[in-house]
Amino acid sequence: MRPSRLLLTAIAFAMFGLSGATLALPALRVMSFNVRYPSPDDGANRWEQRRDLMVRTIREQHPDVLGTQELYKLQGDYLVGKLPHYTWFGLGRYGDDRDEHMGVFYRTDRLRLVESGNFWLSDTPDKPGSISWGHPLPRMVTWALFEVKAGGRRFYYYNTHFPYRDQDEPARTRAAQEIAGRLEALPANLPFVLTGDFNTTPDSPAHALLTRGLQDARISAGTHSGPEATFHNFTGKPNRRIDWILYRGFHATAVHTVTTSHEGRYPSDHFPVSAELTWDAAAPPEK
C-alpha cells in the first residue's frame, strides 16, 4: 500500500475510533430521592430503622448522580460510609449544617466535580436562608458542573425541593421561574439535568414553566417501570407524582419508580425515581 493511502487509512481509523468512543459513552444514571429527614416521631419508620434499606436501594440502582431532599448531614455521612464509590456535597438551607440539605451524591469513579454552588429560591437568591413569596421555610437549589471521566463530556445538574403547602402554589411557580431564568443563562451546548421534590403535580404551572425548555423523563422515556405516583407516606400506596427528573441535551431511554421494601418497611415516604439518559448526539464532548 502506498504511504499516502496508509496515512488516509490511519486518519479514517482514528476518526472512526473517536466517533465510536463518543457513541459508546455509557448512559448517565440519574436518581431523585426525598429521603425523609430523621424525625424522632416516625416510630417504626424512623431513620435508624430504614437507613440500611436506603443503602440497599441506592446500591441496587447504582446511580451516577443522586439528588436528595430533606437530607441531614448525619444521613449523608452514613450513606457514603456504606457506599464507598460515592461522595456527597451540599449546604443546609439556613447556610450551615443544622437542617435540610439538597445533598448531591455522585460516583467518584465515573464523575469529576468541576464546580458547585447553591442559590435560594427567593428575591435574594444569593443570601443563605432567605425566604420570599409567603412560604415558611427556606428553599434552595444545590448545583454542580460535572465531567464524565471517560470521554470528558460535561453537564450541569440542579437539585431542589419546592414548598409543600397547598397554598404555596404561587411560591412554587416563582421558584420555577427562578430556575428557568438561570437555565437560560447556562451554555446551551451543555446538557442539563434537574431533579427534585416539587411538591406539585405535572398539571401545575411550575411543571409547565420548567418543561418549556426541559423534558420530563417520565413522559419522554421509551420504557417505564413502577407506579407513576411517588409520594406514599410510608404506606407503599402513592397518590401524587411530585418527584421529577427533567433534562435537556439527553435522550431518556428508561425511567423507574423504585418501590424497594422489606417486610412492609420502605426506605422513605417517597419512592425514588431513576432515569437512564443517553447523550444527545448534538451535545459536543468538548469542554
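Here, each number is a calculation from the coordinates, and none is a lab measurement. All of these numbers come straight from a predicted model, not from anything done at the bench. No Cβ is skipped: glycine too gets one built from the backbone with ideal geometry, and neighbour counts run over all protein chains shown.
Normalised Debye scattering of region 171-225 at q = 0.15, 0.25 Å⁻¹ gives log10 I(q)/I(0) of -0.46, -1.12, counting only Cα atoms as equal scatterers and leaving out solvent. Using the Cα gyration tensor of region 117-243, with a ≥ b ≥ c the square roots of its eigenvalues, what is the shape: rounded (a/c below 1.5), prolate (a/b larger than b/c) or oblate (neither)? In terms of gyration-tensor shape, oblate.
Could you tell me which of rounded, prolate or oblate describes region 34-144, using a ≥ b ≥ c as the square roots of the eigenvalues of the alpha-carbon gyration tensor, with rounded for a/c under 1.5 and, failing that, prolate when a/b is larger than b/c and oblate otherwise? Note, shape of region 34-144 comes out oblate.
What does the charge add up to near HIS85, with Lys and Arg as +1, Asp and Glu as -1, over the other residues with Cβ less than 12 Å from its Cβ?
So the surrounding residues net to +2.
What does the charge add up to near ARG174, with Lys and Arg as +1, Asp and Glu as -1, over the other residues with Cβ less than 11 Å from its Cβ? That works out to -2.
With a Förster radius of 25 Å, plug the Cβ-Cβ distance of ARG59 and ASP99 into 1/(1 + (r/R0)^6) and report the FRET value to the nearest 0.05. Computed FRET efficiency for ARG59 and ASP99: 0.40.
Karplus-based coupling profile of region 145-161, in residue order and whole Hz: 10, 10, 10, 6, 4, 8, x, x, 5, 10, 8, 8, 9, 10, 9, 8, 8, with θ = phi - 60° in 6.51 cos²θ - 1.76 cosθ + 1.60 and x standing for Gly or Pro. Among ILE219, ILE58, ILE242, ILE131, the order by Cβ neighbours within 10 angstrom, fewest to most, reads ILE219, ILE131, ILE242, ILE58.
In this simple spin-label approximation, THR108 and ALA27 carry label points 7 Å from Cα along the Cα→Cβ vector, and these lie 2.8 nm apart. The convex hull around the C-alpha trace of the chain, projected and averaged over every direction, spans 16.8 square nanometres. Across the chain, the mean sequence separation of Cα contacts (distance under 8 Å, 6 or more residues apart), normalised by length, yields a relative contact order of 20 percent.
In terms of surrounding Cβ atoms within a 10 Å radius of their Cβ, MET31, MET140 rank from fewest to most as MET31, MET140.
If the convex hull of the alpha-carbon atoms of region 218-272 is projected onto planes in all directions, what is the mean projected area in square nanometres?
3.8 nm²
Here the simple spin-label model places points 7 Å from the Cα toward Cβ, and for LEU74 and ASN189 these points are separated by 4.8 nm. Other residues with beta-carbon under 10 Å from the beta-carbon of LEU246 carry, at +1 per Lys or Arg and -1 per Asp or Glu, a net charge of +1. Sorting HIS256, HIS262, HIS232 from the fewest to the most surrounding beta carbons within 10 angstrom yields HIS262, HIS232, HIS256.
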